[in-house]
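The values are calculated or read from the model by the stated rules, or taken from the named source; none is laboratory data. What you see is a predicted model; the values in this text were computed from it and never measured. In this analysis, Cβ positions are derived from the backbone assuming ideal geometry, glycine residues included, and neighbour counts consider all displayed protein chains. Surface accessibility is based on the protein's heavy atoms, side chains included, excluding ligands, DNA and RNA. Shrake-Rupley method; radii C 1.70, N 1.55, O 1.52, S 1.80 Å.
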Amino acid sequence: MAIEMEQFYDIFFEESLEGLDVMEQSLLSMNSGSETDLEIINNIFRAAHSIKGGSGTFGFTEVAEFTHVLETLLDEARDGKYTLTEESIELLLRSCDCLRNMIFALQAKESIDTEQSKELIEAFNKILDEENGGGGSAPSAELASESNASAEDDGLKNWQIVFVPEPEVLQTGNEPLRLFKELAALGELSCKAHFDKLPSCEELIADECYLSWTLELKNSDASEEEILEVFDWVIDECKLEVKAVSGETEQDVEREVESKSAEVHEEKEIPNAKEEPKQAPKPVAAKPAAPKSGGNENAGSAASASASSIRVGIDKVDNLFNLVGELVITQSMLSELGNNFDMTKLEKLSSGLEQLLQNTKEMQESVMRIRMLPISFAFNRFPRMIRDLSVKIGKKVELIIQGESTELDKTVMEKISDPLVHLVRNAIDHGIETAEERLEKGKPETGHIRLDAYHQGGNIVIEVGDDGKGLNKDAIFNKAVEKGLIERDVQLTEPEIFDLIFQPGFSTAQQVSDISGRGVGMDVVKRNIKSLGGRILIESKIDVGTTIKVHLPLTLAILDGQLVRVGEEVYVVPLLAIVESLQIKSELVNRVSGDILLYRLREDNVPIIRIYEEFGIEADNVDIDNALLVVVEGDGQKVGLLVDELLAQQQVVIKSLESNYKRVDGVSGATILGDGSVSMIIDIPGLISYSSKRSRKRSHVKAA
Amino acid sequence: MAQILIVDDSASMRNMVVTTLKSAGHQVVDAPDGQAGLDKAKSGRFDAVVTDLNMPVMNGIELVKNLRNLSSYKYTPILLLTTESSMDKKAAGKEAGATGWLVKPFNPEKLISTVARVLS
């Protein structure tokens, strides 16, 4: 039966990337030159070692070759023969990037770019050469080229083997009988045991071997190597002689083989070295190579690449398992109850149903927890990033991470990762001052970036803080005026001014650096966060620092919704999008350009969207007077939704409409309500753009 | 058919070994490190143990030593998964009482035949 190696690839990729993360973190925690914690080096070594083992086995030769060199250096470091320097740590960090790129390329089934790895291999070999005069360079190629020198002619041969094991041979589980069975498979075996060393019964120790043997292997096509291979594992624990005895010419090539372990081990390598290319599927060279160097650019693909599977702590699965057990008990209790039900059992029934409710709720929570990962998965990339960035721009920055065990849905985590990178880059680039500036202001020379995460209500809050110069209100205001984003005479509150930095095309940096400040970014950050149903807030004080708070829902699978009724239909409006709900006062309604109605909400004019019109259904109430208006906000725009009735608020499980039906404008998904009916979840930004498109079309039609 | 314990910290290797040995008709139990392997060995009865060398918590050598100290695993075949670069580890493994080794990278056929070798 052939085993499909490909089925293990995904796990290998995933664990290799995890291993690289561990490696990177360990490297970053190391202070070069100083006495390094052996456990840290061990961690790094193990990560490299695992990747090497796996890549070799799964046929990823390039990765295996590269990690082999890494491993050799790390092994020396582990044995204390070599002390890792600043330079070698830097090289190892670059190797992490390089390996990541290689794995991404493998994942994408692209060909591997070996340019970078070759360069790194060279650098490592140089270090190794310097350390021990050339002993370090990988000998694998030489090994393979060392040919099977004694490939015998293929005639059948007779062999005589003298096998004298040491007494302890049995204690390693090497049973001589097993070896003989293996030999017997190579030809006709006859066996003579020597009992001369066998002690008397009283002196005999049960688990020691006192026997030795002379074996004759006749009519065998096995080579000397094959015979030696049988004894491979016991070669250090026995005296072994293997002689070829030809039937006619006794004095044939007689080769005495003393148990020189080194020689035998090397021979052992040969078949393996030769096997390797056979099982290595050549990567298909279809597309140009994967992204080059630079760890952080790849983060996005890392996230999407790992979307395929999830690792779950066993306790979570156990918990779920327990709950399923309870559910089964409740179920059997209820069906028992149903067998011969009469009204006297009503109380039992209702308590059973209550229990069922409880079970379901707990199970829902438990399943949700399975999708939850600690935010450290997203935070872990930052130590490296901050290290690299602070070196690059010459600022002293220290990272403080808090709340890294706070859990967050995997999908949300993947999507929040890039915006966070952007926020952190901004903080270093624009927030933290240079060391001189800081000293002048009487602040400590080293700036601090703080990452924090915590739960608040049903949300997770992620904070990116710095103790830098803070946001300059006047500079932002002037810049916004200059860019034509606002009028000079508007009065804005502080949060409103801060909010301007999220406007497209806004950048306060005097100079555009390659770290941040290209003017694109903050608006994308805000859009991404909003698309996750989240909010972003800024707190800032001049010369004290800036803190950006990102509020996110814990999961994208469940939504807090407000149920509204329009005619026969019940829709779900995301609770987060709702600003307020009110009863329309007709004097506040303005009719503009034909069909469009605006509602005067304090200082805002809010367009009214009639849901029944947009979705083409019948409503109870088409009269605008005293109707119910749900004011919602989407994409920075407020609109009022005209509904017949406000129903309950509840959590709904989001089902994809696209995968079950097709995309529908103005609807983001569907859910199933308690009574079994299907309810559409309104996509507020989608509905706004759909509605304005429709009204434009209508006015066109009218004009024509 | 035999009961085999595989101990390796790499999930992909573990998975591959488990799948391969199962396909050869064995019953396989796996553990992610030496300590977990030792615990499983104590609570079960295995005809052979296959273990990696470099593992967190308890490495392969320690595991072999510990297993050999248990009367029920005194003669049980124990195979080490090694790489060609760890020659001295093989010696250390033998010293600790390992039966033999399997050099990484190996293919499924090699794994099956090597395990069959110690089970015969």
Do you know which residues across the range A:352-380 are modelled with pLDDT under 85, out of contact with any Leu (no Cβ under 6 Å at 6 or more places or on another chain) and under 30 Å from A:Glu336 (Cβ atoms)? A:Lys361, A:Gln364, A:Glu365, A:Val367
Which is assigned to a strand (DSSP E or B) and over 30 Å from A:His448 (Cβ atoms), of A:Ile548, A:Ile609? A:Ile609
Restricting the range B:52-68 to residues that are within 12 Å of chain A (Cβ to nearest Cβ) and of a type outside the set (A, V, I, L, M, F, W, C), the residue that is most open to solvent (accessible area, probe 1.4 Å): B:Lys65
Do you know which residues across the range B:69-96 are more than 9 Å from chain A (Cβ to nearest Cβ) and among the basic types (Lys, Arg)? B:Lys89
Restricting attention to the range B:11-46, and to residues there that are among the β-branched types (Val, Ile, Thr) and within 14 Å of chain A (Cβ to nearest Cβ), which single residue is most open to solvent (accessible area, probe 1.4 Å)? B:Thr19
Is there any pair linking a residue in the range A:353-366 that is touching a residue at least 12 places away in the same chain (Cβ under 8 Å) and within 15 Å of A:Leu320 (Cα to Cα) to one that is surrounded by 13 or more Cβ atoms within 10 Å (Cβ to Cβ) and among the hydrophobic types (A, V, I, L, M, F, W, C), with Cβ under 6 Å and at least six apart or on different chains, and which? A:Asn359/A:Leu327; A:Glu362/A:Leu323; A:Met363/A:Leu323; A:Ser366/A:Leu320; A:Ser366/A:Leu323
Checking A:Thr555 against (1) outside any strand (DSSP E or B); (2) farther than 17 Å from A:Ile529 by Cβ; (3) of a type outside the set (A, V, I, L, M), the condition it does not meet: (2)
Does the range A:483-498 include one or more residues that are at pLDDT 85 or above, touching a helix residue (DSSP H, G or I) at 6+ places or on another chain (Cβ under 8 Å) and open to solvent by less than 60 Å² (accessible area, probe 1.4 Å)? yes
Is at least one residue of the range A:642-659 over 14 Å from A:Leu582 (Cβ atoms) and in contact with a helix residue (DSSP H, G or I) (Cβ under 6 Å, 6 or more places away or on another chain)? no
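Quick grid of which residues meet (1) more than 22 Å from B:Lys90 (Cβ to Cβ); (2) in contact with a Lys or Arg (Cβ under 8 Å, 6 or more places away or on another chain); (3) in contact (Cβ under 8 Å) with a residue 24 or more places away in the chain:
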| residue | (1), (2), (3) |
| --- | --- |
| B:Ala2 | yes, no, yes |
| B:Leu5 | no, yes, yes |
| B:Ala11 | yes, no, no |
| B:Val18 | yes, no, no |
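Listed here are the residues, each with its yes/no results for (1) crowded, with 16+ Cβ neighbours inside 10 Å; (2) at pLDDT 80 or above; (3) within 22 Å of A:Val630 (Cβ to Cβ).
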| site | (1), (2), (3) |
| --- | --- |
| A:Asp514 | no, no, no |
| A:Val525 | yes, yes, no |
| A:Ile542 | no, yes, no |
| A:Thr546 | yes, yes, no |
| A:Leu552 | yes, yes, no |
| A:Ile558 | yes, no, yes |
| A:Ile578 | yes, yes, yes |
A:Leu92 being modelled with pLDDT under 85 and touching a helix residue (DSSP H, G or I) at 6+ places or on another chain (Cβ under 6 Å): no
Yes or no: A:Phe163 in contact with a Ser or Thr (Cβ under 9 Å, 6 or more places away or on another chain), at pLDDT 80 or above, open to solvent by less than 80 Å² (accessible area, probe 1.4 Å) and not polar (S, T, N, Q)? yes
Return the residues of the range A:357-386 that are open to solvent by 60 Å² or more (accessible area, probe 1.4 Å) and part of a helix (DSSP H, G or I); say none if nothing qualifies. A:Leu357, A:Gln358, A:Thr360, A:Lys361, A:Glu362, A:Gln364, A:Glu365, A:Val367, A:Arg369, A:Phe377
Kindly indicate whether B:Asp47 is within 23 Å of A:Ile40 (Cα to Cα) and out of contact with any Cys (no Cβ under 8 Å at 6 or more places or on another chain). no
Selected residue (only one of A:Gly669, A:Gly674 is assigned to a loop (DSSP other than H, G, I, E, B), assigned by TED's automatic domain parsing to the domain that holds A:Ser586, among the small types (Gly, Ala, Ser) and farther than 15 Å from A:Arg610 by Cα): A:Gly674
Can you tell me which of A:Ile681, A:Ile672 is surrounded by 14 or more Cβ atoms within 10 Å (Cβ to Cβ) and either over 27 Å from A:Leu597 (Cα atoms) or at pLDDT 85 or above (or both)? A:Ile681
So, in the range A:612-655, how many residues would count as being in contact with a Pro (Cβ under 6 Å, 6 or more places away or on another chain) and either open to solvent by less than 30 Å² (accessible area, probe 1.4 Å) or part of a strand (DSSP E or B) (or both)? 2
Are there any helices (runs of 4 or more DSSP H) wholly within the range A:1-117 with 2 or more residues that are in contact with a Phe, Trp or Tyr (Cβ under 9 Å, 6 or more places away or on another chain), more than 10 Å from chain B (Cβ to nearest Cβ) and within 28 Å of B:Leu21 (Cβ to Cβ), and if so which? A:86-107
Whether any residue in the range A:130-145 is modelled with pLDDT of 80 or more and surrounded by 20 or more Cβ atoms within 10 Å (Cβ to Cβ) is what I want to check. no
